[in-house]
Amino acid sequence: MEQKTFIRIPGDRIGVLIGADGKTRRRIESAFGVKITVASDSGGVEIKVNPDQPDVSVMFTVKNIVKAIGRGFSPNKAMTLQNEDNDILVIDLEEYVGNSKNAQNRVRGRIIGKEGKSRQLLEELTECLISVYGGTVTLIGPYEMLQVAKDAVEMLLNGSYHKTVWNHLYAHRRKVRKEKGELWYEPVRRRR
């Protein structure tokens, strides 16, 4: 029986999925043993597992990679999903601020920050990749960190100050290090 799945991506991301002279599509197909068929007019992408590929679960990995490319990630960043510890999470801005383009632009700006600094710090503190594209914010990262990144993004979407979000993330980071036993040097205070 033929194993296949279907996903739709925005039309302006089809060229990124296919790549120059089909290079990106071929790279994904050869890495996972699948056949990718793209309907350029509709943005439909069919992913079919090759008969010689024994592991049909690759179909879901490839679907997530295609979804990541469709949500604004570069193919190289999307390929981090082949690491089985990583997952993808899409946050729909409409659920937080409605369908007003001005409100969505405002919260996109809060997440990206001046010269991309907020997104960069979010990525650093959560160990997740972040793409702000269209009406969505998409996260790729280790499963246990995705929820932390989602919470931080939701705090920004709900109007929290950036400093509050950073303090929350630094506190989480300290807690995780303490649980792992990764204590860092703190000077001992002497009693007088």
- Message: closer than 18 Å to Arg71 by Cα, in contact (Cβ under 8 Å) with a residue 40 or more places away in the chain and under 17 Å from the mean Cα position of the chain (by Cα): which single residue out of Ile130, Ile111 fits that description?
- Response: Ile111
- Item | Enumeration of residues in region 88-110 that are in contact with a strand residue (DSSP E or B) (Cβ under 9 Å, 6 or more places away or on another chain), over 19 Å from Ala78 (Cβ atoms) and of a type in the set (A, V, I, L, M, F, W, C) | Leu93, Val107
- Note on the structure: Per the filter on region 46-79, residues buried (at least 21 other Cβ atoms within 10 Å of the Cβ) and either more than 11 Å from Val34 (Cβ to Cβ) or of a type in the set (Lys, Arg) (or both) are Ala68, Ile69, Gly70, Arg71, Phe73, Ala78
- Message: Please go through (1) crowded, with 18+ Cβ neighbours inside 10 Å; (2) under 27 Å from Ile28 (Cβ atoms) for Asn83 and return the number of the only condition it doesn't satisfy.
- Response: (1)
- Task: Could you look through region 147-183, keep only residues that are of a type in the set (Lys, Arg) and closer than 21 Å to Lys114 by Cα, and pick out the one that is farthest from the chain's Cα centre (by Cα)?
- Result: Lys163
- Item | Qualifying residues in region 1-26 (those that are more than 20 Å from the chain's Cα centre (by Cα) and of a type in the set (D, E, K, R)) - the one surrounded by the fewest Cβ atoms within 10 Å (Cβ to Cβ) | Glu2
- Item | Flag if Val132 is part of a strand (DSSP E or B), buried (at least 18 other Cβ atoms within 10 Å of the Cβ) and at pLDDT 95 or above | yes
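The values are calculated or read from the model by the stated rules, or taken from the named source; none is laboratory data. All of these numbers come straight from a predicted model, not from anything done at the bench. FYI the Cβ positions are ideal-geometry reconstructions off the backbone, even for glycines, and counts take in every protein chain you see.
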